[in-house]
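Following: one structure in structure tokens, then a few remarks.
The values are calculated or read from the model by the stated rules, or taken from the named source; none is laboratory data. Given the structure is predicted, the values throughout are model-derived calculations rather than measurements. For neighbour counting, all protein chains shown are included, and Cβ atoms are generated from backbone atoms with ideal geometry for every residue, glycine included. Ligands, DNA and RNA are excluded from the accessible area calculation, which covers all protein heavy atoms including side chains. Shrake-Rupley method; radii C 1.70, N 1.55, O 1.52, S 1.80 Å.
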Amino acid sequence: MKLFVFHTPELTPTDRVPDCAIAVDVLRATSTMATALASGAEAVQVFSDLNQLLEVSSHWPIDKRIRAGERGGSKVEGFDFGNSPLGCTAEVVGGRRLFISTTNGTRALTCVQRASTVLAAALINRKATVDYLLEHRPETIWIVGSGWEGAFALEDTVCAGAIAHSLMTQLNLSLDEFAGNDEVIGAVSLYQTWKDRLYDLLCHASHGKRLLRLECYDDLKYCACLDILDVIPIQQEPGVLVKHESLIRIAS
């Protein structure tokens, strides 16, 4: 098993695909997707383009869809929903499809959707993601961070490090055996430094500061939690993710 980390969609290779690709946008798209599916959403369908989202979702009954649009951390005017995982309650999303387009996270999913297996991960479902990888043992794994408008993001990198560290430890592999690129070593080092202060790290991150200015305090606290969901969004068809539950239930 070899793991590669790519900090942004722009840095992700386009001439090949891995056995398993994992898109990460801790603040907040993949956190929102996992929470929506855990709360009973029928599926999550992702779009890079807002107009395409509106066109495709228009073919769904109004009571069976939720249109989520976020740009710059704020809800897009005219959409039902922004990008807050805390808004994904069972009452809101249960039995409905979440059509979502965000500034960064949906672009990461789009860039890896040709992989054989595509997952969406965040800190909140780190253990479930690791359990899936241990069960299925893909030979090559890419973790693709969403970043922020093409730039490196601390929160996505620490999540990549959290996944890598857990995998490496349980497989009893050294970094030299496991790391496919230098970014893996950097991500693991970041996680080892901040693993007991993840909320503090997210507050230091540029997008974390942006969300604090928007008074999204509870979102930030929630997204900094580790291993609280046993649900993994897994791609069923290009751009459509459904719920895969870990075989090892997380104790409540």
- [ ] Could you tell me how many degrees, from 0 to 90 and to the nearest 10, lie between the Cα long axis of helix 182-194 and the main elongation axis, the longest principal axis, of the Cα atoms of the chain?
- [x] 80
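List the equivalent ellipsoid semi-axes of region 61-167 in whole Å, largest first, each obtained as the square root of 5λ for an eigenvalue λ of the Cα gyration tensor. Walk me through the numbers on the way to the answer.
Numbers: eigenvalues 141, 60, 35 Å².
Taking √(5λ) for each eigenvalue gives 27, 17, 13 Å, largest first.
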- [ ] Treating the Cα atoms of region 153-252 as identical point scatterers in vacuum, please give the log10 of the normalised Debye intensity I(q)/I(0) at q = 0.13, 0.14, 0.21, 0.25 Å⁻¹, two decimals.
- [x] -0.60, -0.69, -1.18, -1.20
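For every helix of n ≥ 4 consecutive DSSP H residues, a contribution of -39,500 (n - 2.57) applies; sum these over the chain, divide by its total residues, and give [θ] at 222 nm rounded to the nearest 500 deg cm²/dmol.
On the way: 11 runs with 97 residues, N = 252.
Helices in the chain give a 222 nm mean residue ellipticity of -11000 deg cm²/dmol.
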Open item on the list: With a 1.4 Å probe and all protein chains kept in place, how do 194, 142 rank by accessible area, largest first?
Closed with: 194, 142
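Name the shape class, rounded, prolate or oblate, that the alpha-carbon gyration tensor gives for region 190-231, where a ≥ b ≥ c are the square roots of its eigenvalues, rounded holds for a/c under 1.5, and otherwise prolate holds if a/b is larger than b/c and oblate otherwise.
oblate
Just the number, please: carbon plus sulfur as a percent of the accessible area of the chain, 1.4 Å probe, no ligands or DNA/RNA counted.
Working: 5200 of 10600 Å².
The value for the chain is 49 percent carbon and sulfur by accessible area.
At 1.4 Å probe size, put 196, 63, 49, 131 in order of accessible surface, largest to smallest.
On the way: 196 135, 63 95, 49 70, 131 20 Å².
Result of the area sort, largest leading: 196, 63, 49, 131.
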Open item on the list: On C-alpha positions alone, give me the angle between the axis of helix 154-171 and the longest principal axis of the chain, in degrees, nearest 10.
Closed with: 50
Task: Column: log10 I(q)/I(0), Debye, Cα scatterers of the chain, q = 0.07, 0.15 Å⁻¹ - done: -0.20, -0.98
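Would you mind counting up the charge near residue 185? Only other residues with Cβ under 15 Å from its Cβ, with Lys and Arg at +1 and Asp and Glu at -1.
Details: positive: 2; negative: 176, 177, 182, 183.
That sum, taken over residues with Cβ under 15 Å, equals -3.
Rounded to the nearest whole Å², what accessible area per residue is found for the chain with the 1.4 Å probe? Before the final figure, lay out each step's value.
Numbers: 10600 Å² over 252 residues.
Accessible area per residue: 42 Å².
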Open item on the list: What do you get for the angle between helix 126-136 and the principal long axis of the chain? Use alpha-carbon atoms, 0 to 90 degrees, nearest ten.
Closed with: 70
- [ ] For region 13-66, just the Cα set please: Rg and Dmax, both in angstrom.
- [x] 14.0, 41
Open item on the list: Suppose every Lys and Arg Cβ carries +1 and every Asp and Glu Cβ carries -1, with no other charges. What dipole size does region 1-148 come out with about its Cα centre, to the nearest 20 debye?
Closed with: 120
Task: Options 109, 11, 60, ranked by Cα towards positive dipole end of the chain, top entry (Cβ charges) - done: 60
Open item on the list: Just to compare against my own numbers: the Cα pair-distance distribution for region 1-145, 10 Å bins, whole % per bin, please.
Closed with: 12, 41, 34, 12, 1
TODO: Compare the Cα positions of 89, 125, 32 along the charge dipole of the chain (+1 at Cβ of Lys, Arg; -1 at Cβ of Asp, Glu; about the Cα centre) and return the one farthest towards the positive end.
DONE: 89
TODO: Compute the separation of the alpha-carbon centres of region 174-235 and region 1-58 and state it in Å as a whole number.
DONE: 16
TODO: Take the eigenvalues of the Cα gyration tensor for region 110-211, scale each by 5, and report the square roots as semi-axes in whole Å, largest first.
DONE: 22, 17, 13
Open item on the list: Can you tell me the mean projection area, over all orientations, of the convex hull of region 31-115's alpha carbons? Units nm², please.
Closed with: 5.3
Task: Calculated from backbone phi, Karplus (6.51, -1.76, 1.60) coupling profile of region 9-15 in Hz, x at Gly/Pro - done: x, 5, 8, 8, x, 10, 9
